1. Taking the DSSP beta bridges in the stretch 86-213 as the whole, what percent of them are antiparallel, to the nearest 5?
2. Once the piece of chain linking Gln60 and Ser46 is laid out straight, how much longer is it, given 0.36 nm per residue of separation minus the C-alpha distance between them?
3. Please list, in chain and number order, the residues 5+ apart from Glu201 or on another chain whose amide H is under 5 Å from its amide H, with Hs placed from the backbone.
4. Can you give the % of DSSP beta bridges in the chain that are antiparallel, to the nearest 5?
5. Which of rounded, prolate, oblate describes the stretch 51-90, given a ≥ b ≥ c as roots of the alpha-carbon gyration tensor eigenvalues and a/c under 1.5 marking rounded, otherwise prolate only if a/b is larger than b/c?
6. If amide hydrogens are placed 1.01 Å from N in the peptide plane, which non-local residues have theirs closer than 5 Å to the one on Cys64?
7. The stretch 135-167: which trypsin sites (Lys or Arg not before Pro) are DSSP loop and have at most 14 other beta-carbon atoms within 10 angstrom?
8. Just add up the charged neighbours of Ala136: K/R +1, D/E -1, any other residue whose Cβ is under 9 Å from the Cβ of Ala136.
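The values are calculated or read from the model by the stated rules, or taken from the named source; none is laboratory data. Nothing here was measured: the structure is a model prediction, and the numbers come from that model. As a convention, Cβ positions derive from the backbone with ideal geometry for all residues, glycine included, and neighbour counts pool all protein chains shown. Calculation scope for accessible area: heavy atoms of the full protein, side chains included, ligands and nucleic acids excluded. Shrake-Rupley method; radii C 1.70, N 1.55, O 1.52, S 1.80 Å.
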Amino acid sequence: MTIHLFTTTDLSGEREATFNRLIESIARSEASGMDLRVHVLFQNCSAEVVAARLARLPVQSRLCVMPGRMSISGARNHLMAAALAEAPFGEDDIVAFPDDDCWYPDGLLAQLKNAFHERSRLDLLLCRVSLEPDDASDVLKAMTPAKAATVVRLTMSNSLFVRGRLATALGAFDPALGLGTPARGGEDTDYGVRAFLAGRETVFVDRALVGHPVADRKAAIRYFRGATIVLARHARHKPALMREFLRKLLVGVYFVGQGRLSARDFLGILRESAGSFRTSFVSGRRNSPVLSDGLSRPLAS
């Protein structure tokens, strides 16, 4: 059981310290004997700094670089395509997508590996995040069946862990969603809902197991458009998802009433959501973007 971690960082940004914290937390797990593959994309990276950056990564790392920048969905798809060009995910591998400002407390990855090993039908595990994460012990005892509302409201890439068989079936993140696209968000919710619908067993651990800032009130506005479009896409697949979609629309009305979202923007979101809902209803298919294998291969390992 190999754990595949896909992450990206912009070297022109200001997250070098937090990215190093993530890498150091992964390296400690690797040093303890974990079978890890760390897939990293350096954006806005010049050829001059590649060797120095590569030397700081864990031993079992695969590095891709690009001189410019792409969306978060594009970056993850870029990395996954490069990884799958080398070898497919194992049926029981674990796949995760940490941001460059998150980290894994000591022992967490070992606990997750044990959880997926002990629960053979477990395909998706979700948890909370915090800047002061909990002790990772006894994850198995803390797992409960996840509800649709939990998946919709709490899914984020940092605290989402997928079995390899399901990650293969899900394919890519939707390239039209996420930071760096007009939607600005929604890619994690879309991936999480697709995993919830396609997986055999989804569990939630109601504890902050992963280190990462908790989303604030501004994030709800920032990601409202993408999240609403995603819920419109999936609403017809389960009554609970339809309820979440209708609830999201009421939240939008509240935001407009509070002056946090303009009526014009809200109407635009409603039009996009209606189009997404109609497309889903007519096609009868859940959105599963396909990973292309035409992206760049790993630069070094």
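1. Here the share of antiparallel DSSP bridges comes out near 55 percent.
2. 2.8 nm
3. When sequence neighbours closer than 5 places are left aside, the close amide H contacts are Asp123, Leu124.
4. 30 percent
5. oblate
6. Long-range HN contacts for Cys64: Val40, Leu41, Phe42, Leu299.
7. Within the stretch 135-167, the qualifying trypsin sites (Lys or Arg not before Pro) (loop, at most 14 other Cβ atoms within 10 Å) are Lys147.
8. Overall, the nearby charge balance is -3.
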